[in-house]
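K.L.:
Handing you this structure, nothing more for now.
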Amino acid sequence: VEDQGPVRDPMSSNDGGTTFVMPCPPGERYTDPSAYPPPEQPLDFLHVDDQIVVVVKPAFLPSKNGRHLDDSVLSRVASELTLRDEPTAGLHLAHRLDWETSGVLVLAR
C-alpha cells in the first residue's frame, strides 16, 4: 500500500483524507484489458425498442469506454443506432459485465 502518509490497514476506517493506492501490475493478479485485442465480430442485437436495447456482449470487450479503451459495447451500440437513424440521446448501461465476461447486456434509452 502506498499513500501520502503512514501505511495503514486498508480494512480500518478511513479518516476521509487518506487515499490508498494498491498497485497491481498486469500479469500478477490482473490482466490489463489493452493486452487483449478487442473482439472483431459485430454485436448480436437480441432486442431493440424505444426504451431498451439488448445485445450479446462478447468476452474481452468492455461494457463502456475506459481511460485507455475507446471500443466498448456502449460505443458500438451507439454507432449502430446512429447508422439505423435511431436516437442515441440518453443511451446508458442498465448494468455492466466484466470485460472478460460474455453474456446478455441491457442498455436503457
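The values are calculated or read from the model by the stated rules, or taken from the named source; none is laboratory data. If you're wondering where the values come from, they're calculated on a predicted model, not measured in any experiment. Cβ coordinates were reconstructed from backbone atoms using ideal geometry, including for glycine residues, and neighbour counts include every protein chain displayed. SASA here: full protein model, heavy atoms, side chains in, ligands and nucleic acids out. Shrake-Rupley method; radii C 1.70, N 1.55, O 1.52, S 1.80 Å.
K.L.:
Would you list LEU91, LEU46 from the most to the least accessible area, probe 1.4 Å?
P.N.:
Largest to smallest exposure gives the sequence LEU46, LEU91.
K.L.:
List the residues of region 59-97 whose backbone N lies under 14 Å from a point placed 7 Å from the Cα of ILE52 along the Cα-to-Cβ direction.
P.N.:
Only 92-96 pass the distance filter.
K.L.:
Hey, another quick one. Could you work out how far apart the two model spin labels at ALA89 and ASP70 are, taking each label as a point 7 Å from the Cα in the direction of the beta carbon, and quote it in nm?
P.N.:
Once both label points are built, they end up 2.6 nm from each other.
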